[in-house]
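Here's the structure, in structure tokens; my notes come after.
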Amino acid sequence: MQRNSKFRVALFLPTLLVLLAMLVSACGGGSDSNSGTIAPADKQVFRYPEAGIDDFGTLDPALVQSASDAYALQTVFTGLVQFKDDGTVVNQLAASMPTVSKDGLTYSFTLKPGLKFSDGSPLTANDVAYSINRAIIPATKSTVSGYLSLLKDYDKVNKGKIPSAIGDSIIVKDDTHLDLIISKPAAYFLQTLTYPTSYVVNKKVIDKYGDKWTDHLDEGAGDGPFKVSSYQHNKMLEVVANSNYYGQQPKLQKIQFTFSGDVDTTYKAFQSNQYDYAGVPAANLDEAKDRKDFHQTPALVIRYLAMNYLSKPFDDINVRKAFALAIDKDLLVQSVLKGAVTPTNHLIPQGMPGYNAGLKGPDGTTSTKANVNAAKQALAASSYGSAAKLPPITFTYYTGNNTIKNLVTALQQQWQDVLGVQVKTTAVEFSKLISLSDATTNNAGPLQMWITGWQADYVDPQDWLGVFFEKDADSNSFNYGQNNGASAAQQQAVQAQLAKADVTQDQAERLKLYNEAEQKIVNDLGWIPLYQSKAITLINPKLHGFVDNPLGITAPDSWANIYFVQ
């Protein structure tokens, strides 16, 4: 998730300017150049395909992990603060940015006056408190509540030792004022509040329908620029302009999020005018790049392989290293991905604060080619000694994307050619892969090795390192530092270093700590990064103002500037 830091800008300026340049350039490269008379209301229907998934995994802000789910959800729900399309954090439900106490622990918010849910009922500070607390309490069973872990006593509430954060770290003063109290000063706290776990939901709908409440979003569940008009599982989510939205009204009257089949099918359907937006499969890049509706945007996305430290043979660092160094990322990018991405050894993508241009791969070089000799030596040095003695290995990938399938096939072949290892594969729907990944945390299964990816939630290295590798992190499904391997103690030292970086106030020192931690995690094969992605899409030329950006978001208030022309 999926898609945030109130930096001390002066200290972050050189790196931050690179990111903002990417964002501004990307935003300028979309459909903003269109001109013409605005089309009538009945033509203001945005047909947006949800390619590669059969249905949303969830539309509950407290549970959402998938970027596909989050993109649709963010049209219906909003929170106290939000990103603009250029990556800066601005007030959303809040009337202004919060005041912060001298010790950096208390954030005081004032809400905009007259806020309403989409059914017209009032939205108050009590609703904000309820929604944030709901994401934390154990009854909700959120696997992403860690985005709120900076709140004071988060662990006690999340483990049921304290019944509620309301009155403890969430203080409601009156209908329009509330305080959020955190446990330690953190430069990125406001950025974490842009994640959906802080979005406001209508308690009335949840009380009425319980666990099935997201099937009744049309009954005033949200507060965003759009409201749900209908949701047909496995077919379509339809949202329409919300007349009770507190911001400027969207010009689009309707968005249809249609489950459109795989990426290749969706690409062909766009060409027959069934959709207004589509991704370009790698195999079609050459034919698509000369089209007038072609757009290419750098993305803060890393595609990587995960290996479970609690599952043999990946409990052995030398096996992990052998598998990593047997991969020729350059060849994969050239042959399978047709140059549409950039091979990488990094955990933090280029364009993010904290990107380390001097980072080395696990063989001590910056090369993204295979290191065949080192890979073979690592396998021989492992506790298994040879490919013949390895236990069976299952590699899990997700369906709906032929490029991923082809990538997995190529990886299988490289491991066979270099190491003599035969790897079995299994395919599951993307939402299933997420649930399997969650279940793998602190367990030897169900996943052993899998392919996945990460898109920036907020513009801070903590979102790439702390979110995954810190102690008890929600997304540490590969069990880094939570294993009995020979390097577990070293991993736990890195976790302590990440925790220190999170609260370090000297930003230059903070980035240094993150850079050092990233190098150690790369050396220990916390991930096998494969490539940094680009958003390569076709967009209806008549759609004015809609752009892709590296964060993969459309800010709530930006919908007012998106419309179809004649």
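The values are calculated or read from the model by the stated rules, or taken from the named source; none is laboratory data. Here the structure is a predicted model, which is why all the values come from computation and not from measurement. Note: ideal-geometry Cβ built from the backbone for every residue, glycine included; neighbour counts use all protein chains shown.
If I go through segment 370-403 residue by residue, how many of them are of a type outside the set (A, V, I, L, M, F, W, C) and either assigned to a loop (DSSP other than H, G, I, E, B) or not assigned by TED's automatic domain parsing to the domain that holds Ser335 (or both)?
11
If you check Gln44, Gln74, Gln65, which single one turns out to be crowded, with 23+ Cβ neighbours inside 10 Å and either closer than 30 Å to Phe259 by Cβ or modelled with pLDDT of 95 or more (or both)?
Numbers: Gln44 fails: crowded, with 23+ Cβ neighbours inside 10 Å; Gln65 fails: crowded, with 23+ Cβ neighbours inside 10 Å.
Step by step, each of Gln44, Gln74, Gln65 is checked, and only Gln74 is crowded, with 23+ Cβ neighbours inside 10 Å and either closer than 30 Å to Phe259 by Cβ or modelled with pLDDT of 95 or more (or both).
Quick test for you: out of Ile136, Ile162, Ile181, pick the one residue that is more than 22 Å from Gly466 (Cβ to Cβ), of a type in the set (A, V, I, L, M, F, W, C) and not assigned by TED's automatic domain parsing to the domain that holds Ala501.
Just a single option satisfies the conditions, and that option is Ile162.
Test Gly453 against the stated conditions and say whether it is within 23 Å of the chain's Cα centre (by Cα) and under 30 Å from Phe259 (Cβ atoms).
It is true that Gly453 is within 23 Å of the chain's Cα centre (by Cα) and under 30 Å from Phe259 (Cβ atoms).
Read through the list (1) under 26 Å from Asn476 (Cα atoms); (2) in contact with a His (Cβ under 8 Å, 6 or more places away or on another chain), then give the number of the only condition that Tyr209 fails.
It is condition (1) that Tyr209 fails.
What helices (runs of 4 or more DSSP H), lying completely within segment 458-566, carry at least 2 residues that are surrounded by fewer than 19 Cβ atoms within 10 Å (Cβ to Cβ) and assigned by TED's automatic domain parsing to the domain that holds Val341?
Filter on segment 458-566 gives 488-503, 507-523.
Counting only residues that are assigned to a loop (DSSP other than H, G, I, E, B) and more than 29 Å from the chain's Cα centre (by Cα), how many does segment 169-187 have?
2
Residues checked against (1) polar (S, T, N, Q); (2) more than 23 Å from Asp417 (Cα to Cα):
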residue	(1), (2)
Thr265	yes, yes
Lys268	no, yes
Asp286	no, yes
Arg291	no, yes
Thr297	yes, yes
Leu305	no, no
Lys329	no, no
Gln334	yes, no
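Among the residues of segment 68-97, which ones are small (Gly, Ala, Ser), farther than 22 Å from Arg134 by Cβ and not in a loop (DSSP other than H, G, I, E, B)?
Across segment 68-97, the qualifying residue is only Ser68.
Please go through segment 234-283 and pick out each residue that is among the charged types (D, E, K, R) and either more than 23 Å from Val333 (Cα to Cα) or over 22 Å from the mean Cα position of the chain (by Cα) (or both). Steps first, answer last, please.
First pass over segment 234-283, keeping only residues among the charged types (D, E, K, R): 235, 238, 251, 254, 262, 264, 268, 276.
Within segment 234-283, Lys235, Glu238, Lys251, Lys254, Asp264, Lys268, Asp276 qualify.
Has segment 109-128 got any residue that is modelled with pLDDT under 95, closer than 14 Å to Pro61 by Cβ and touching a Leu at 6+ places or on another chain (Cβ under 9 Å)?
No, segment 109-128 has no match at all.
Pairs under 7 Å by beta carbon, first residue outside the structural domain of Lys520 (by TED's automatic domain parsing) in segment 333-351, partner basic (Lys, Arg) and surrounded by fewer than 21 Cβ atoms within 10 Å (Cβ to Cβ), six or more apart or different chains?
Pairs that qualify, where the first residue is outside the structural domain of Lys520 (by TED's automatic domain parsing) and the partner is basic (Lys, Arg) and surrounded by fewer than 21 Cβ atoms within 10 Å (Cβ to Cβ): there are none.
Do any residues in segment 253-279 that are in a helix (DSSP H, G or I) have Cβ atoms under 9 Å from those of residues that are aromatic (Phe, Trp, Tyr), where the two are at least six apart or on different chains, and which pairs are they?
If the second residue must be aromatic (Phe, Trp, Tyr), the pairs left are Thr266/Tyr275; Ala269/Tyr275; Phe270/Tyr277.
If only one of Trp450, Trp454, Trp415 is crowded, with 19+ Cβ neighbours inside 10 Å, touching a strand residue (DSSP E or B) at 6+ places or on another chain (Cβ under 6 Å) and modelled with pLDDT of 95 or more, which one is it?
Result of the check over Trp450, Trp454, Trp415: Trp450.
One residue is enough: does segment 439-449 have a residue meeting the conditions within 23 Å of the chain's Cα centre (by Cα), among the polar types (S, T, N, Q) and in a helix (DSSP H, G or I)?
Within segment 439-449, one or more residues are within 23 Å of the chain's Cα centre (by Cα), among the polar types (S, T, N, Q) and in a helix (DSSP H, G or I).
Restricting attention to segment 98-120, report how many residues are buried (at least 16 other Cβ atoms within 10 Å of the Cβ) and in a loop (DSSP other than H, G, I, E, B).
6
Among the listed residues Asp315, Asp290, identify the single one that is crowded, with 18+ Cβ neighbours inside 10 Å and either assigned to a loop (DSSP other than H, G, I, E, B) or among the acidic types (Asp, Glu) (or both).
Asp315
For segment 267-292, which positions are of a type in the set (S, T, N, Q) and touching a Phe, Trp or Tyr at 6+ places or on another chain (Cβ under 7 Å)?
If the condition is that a residue be of a type in the set (S, T, N, Q) and touching a Phe, Trp or Tyr at 6+ places or on another chain (Cβ under 7 Å), then Asn284 is the only one that fits.
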